[in-house]
1. When residues of segment 199-236 are filtered for being in contact with a strand residue (DSSP E or B) (Cβ under 7 Å, 6 or more places away or on another chain) and not basic (K, R), how many remain?
2. Looking at segment 399-414 only, could you name the residues that are in a helix (DSSP H, G or I) and under 14 Å from the mean Cα position of the chain (by Cα)?
3. For segment 384-405, give me each residue that is hydroxyl-bearing (S, T, Y) and surrounded by fewer than 20 Cβ atoms within 10 Å (Cβ to Cβ).
4. Which of the residues belonging to segment 358-383 are open to solvent by 10 Å² or more (accessible area, probe 1.4 Å) and closer than 16 Å to F412 by Cβ?
5. Just checking, does segment 201-219 include any residue being open to solvent by less than 10 Å² (accessible area, probe 1.4 Å), more than 26 Å from the chain's Cα centre (by Cα) and either farther than 24 Å from T432 by Cβ or not small (G, A, S) (or both)?
6. So which residues in segment 119-152 are in a helix (DSSP H, G or I), closer than 14 Å to P415 by Cβ and touching a residue at least 40 places away in the same chain (Cβ under 8 Å), if there are any at all?
7. Being in contact with a Pro (Cβ under 7 Å, 6 or more places away or on another chain) and open to solvent by 20 Å² or more (accessible area, probe 1.4 Å) is the filter here, so list the residues in segment 241-282 that pass it.
8. Of the residues that sit in segment 322-357 and are open to solvent by less than 10 Å² (accessible area, probe 1.4 Å) and of a type in the set (D, E, K, R), which one is nearest to A281 (Cα to Cα)?
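The values are calculated or read from the model by the stated rules, or taken from the named source; none is laboratory data. Computed from a predicted structure; not experimentally measured. With ideal geometry, Cβ positions are generated from the backbone for all residues, glycine too; neighbour counts draw on all protein chains shown. Ligands, DNA and RNA are excluded from the accessible area calculation, which covers all protein heavy atoms including side chains. Shrake-Rupley method; radii C 1.70, N 1.55, O 1.52, S 1.80 Å.
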Amino acid sequence: MANRSLDYIPFNSLQKDPKGELQHIVEGTFLASSGFILRLNPDSPLWYRTAPESSSQPAQMCITARAEAPYNAGRKEDDAYFDIDFTLFAGEDLRAAYIIMANHLQGGAGGIQRPPREPEEHMYAYPIWEITAGRSREFAEAADLTTANVKKFADHLKKEGQRHNVLLLDAWWALPTDYMVMNDDEKLHDFVHLNELLNPASGKGYDYRLHLAVTPYVPVGSPFAKMNPAFLLQDGLRSGSTFVIREGPQMNHSLVDFSNPKAARWFLDKLSYFQKTYKMASFVFEPVTVTDDNVKYADRLVRDVPALYSTTYAQIASQLQGGSMAIVKEARDNQGLPLFVNMAPRVSDWTDPRGIKSLIPTALALSLAGYSFIVPDLVGGRLPGPSRSLIPDAELYTRWAQATALMPAMQFATPPWYYNETISDAVEAAITLHTTTFKELMKRLVTERVKGDGSPIMRPMWWADPEDPKLYEAGVVDTQFLFGEKGTGKQLHLVAPILVQGATERMVYLPNGKWFQQQGAENAPLARELQGGREYRVSADLNNLLFFKLQI
């Protein structure tokens with residue numbers, strides 16, 4: 001970045017902005033409340049920076065294009081500058097402009113593509129449980145990560161009335177000294193038997209799906225790396241050498257070069273083998289970060305725009321049997337794939353910029369970027385907060401679960417029974433809401449997303465009335481959201497979770513219309529009727545999720 005100001009960040013590279021909301025999702029879509037949407041050409045070597053508001057100017061975002069590292073810096077100086085190619089959409093309001101963009105050439109140049117088919121219902125209808133160490137009593141230590149303990153955990157879920165779940169097995173399944181090799185100790189890791197037991201065909205009362213977490217990071221000294229050196233990223237400074245992407249105390253790591261078609265095919269075949277042999281439902285694809293400039297990809301286009309690596313990575317996931325159940329944590333221009341996209345890790349904290357208050361704006365940003373099938377981060381946050389504990393604070397855990405109950409997925413690592421009965425009951429109520437009201441509504445919204453006008457599933461407040469300036473204000477647009485749609489035979493819910501520690505009430509702004517306040521479950525008695533276009537102070541103790549239903 002020799003000629004580039006340090007406050008510029010490469011937009012289409014694999015370097016991630018640590019302060020960015022999306023981090024592993026690279027999309028050049030920018031919305032203006034005046035009814036304009038800007039879509040940047042995803043293949044340009046773009047850089048951006050933000051300039052905060054000052055006394056002399058409003059807040060600004062600056063974009064430029066230049067072929068400097070980490071883009072292909074080997075071009076002639078005359079070719080180093082690029083035009084910034086973009087598509088501008090305009091409508092009578094922001095919602096109209098979005099619909100135009102979603103239908104532009106049916107997802108052609110500049111538009112947002114739609115998935116060709118609907119994703120697997122099991123993924124959005126029931127909770128996802130990540131089986132990892134340090135976040136529950138059952139898996140307190142790495143030694144506890146065995147298939148026998150996974151079965152005990154599944155038994156506990158079934159005892160709590162949760163017979164339909166997704167179990168996500170973290171990287172403990174893999175042999176650490178090789179790449180994509182099952183740690184197949186029959187006593188500790190009998191995956192075939194586990195899958196057969198949890199399948200509904202077993203007659204044991206389970207209906208679970210098992211996912212494996214997979215990574216493109218490869219131990220450089222592993223047998224796989226020695227046999228397939230051309231499948232890994234190459235060092236741009238040393239011909240014929242594997243590029244070391246990160247160093248470790250035991251092994252250094254490189255990356256599978258998915259821009260190499262043979263490497264991509266090997267990876268896909270390996271995953272297909274796992275599905276056939278171990279009867280896995282699907283996979284979770286861990287993200288990558290490349291901070292060094294001296295990386296040589298097999299494909300020249302990826303050298304020019306490294307974010308194309310993310311595009312290919314997600315495309316591999318979609319080609320699998322069960323691809324509509326796959327979860328990716330890395331995507332770029334992949335809206336046309338029926339995949340679930342995992343939110344970047346959030347911090348287990350009330351006030352951190354990436355804590356609970358970032359849940360709604362991050363999910364809405366993903367949704368408006370065209371990724372409707374969102375998996376929010378672990379309930380309570382994946383990254384430890386000030387306490388450094390992996391177990392979330394009880395109140396934070398409860399409010400986090402309530403905030404995601406009407407989002408397109410719920411993801412846990414710490415189970416509700418870890419806490420006292422009050423907390424456990426409140427979280428289980430949020431799960432029940434997700435698996436009943438939400439599931440039926442989500443079925444219709446998924447169909448509309450695939451076959452309808454391209455409207456996002458999770459919608460910002462201004463979607464209800466783009467002409468109402470109040471719906472764009474901080475405290476409204478970033479702490480409330482809409483789920484559903486207005487119209488005969490349809491339902492529109494407004495979700496306004498508590499996001500402040502110790503709070504049992506909050507201010508809620510309702511768009512125009514007649515609303516009924518709900519608390520707890522969908523079938524709970526309706527609370528007061530409220531007229532929209534006004535702000536209200538409403539109460540919700542720790543046992544209740546606060547949401548509203550529009551009267552049709």
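1. Of all residues in segment 199-236, those in contact with a strand residue (DSSP E or B) (Cβ under 7 Å, 6 or more places away or on another chain) come to 200, 207-214, 216-220, 224-225, 229, 231-236.
Of the ones still in play, those that are also not basic (K, R) are 200, 207-208, 210-214, 216-220, 224-225, 229, 231-236.
Number of matching residues: 22.
2. First, pick out the residues of segment 399-414 that are in a helix (DSSP H, G or I): 399-404.
Matches in segment 399-414: T404 only.
3. First, the residues of segment 384-405 that are hydroxyl-bearing (S, T, Y): 387, 389, 397-398, 404.
Of everything in segment 384-405, those that are hydroxyl-bearing (S, T, Y) and surrounded by fewer than 20 Cβ atoms within 10 Å (Cβ to Cβ) turn out to be S387, S389.
4. R382, L383
5. Taking every residue of segment 201-219 in turn, at least one turns out to be open to solvent by less than 10 Å² (accessible area, probe 1.4 Å), more than 26 Å from the chain's Cα centre (by Cα) and either farther than 24 Å from T432 by Cβ or not small (G, A, S) (or both).
6. Passing the criteria: only V150.
7. If the condition is that a residue be in contact with a Pro (Cβ under 7 Å, 6 or more places away or on another chain) and open to solvent by 20 Å² or more (accessible area, probe 1.4 Å), then T242, M251, H253 are the ones that fit.
8. For segment 322-357, the residue satisfying everything is E330.
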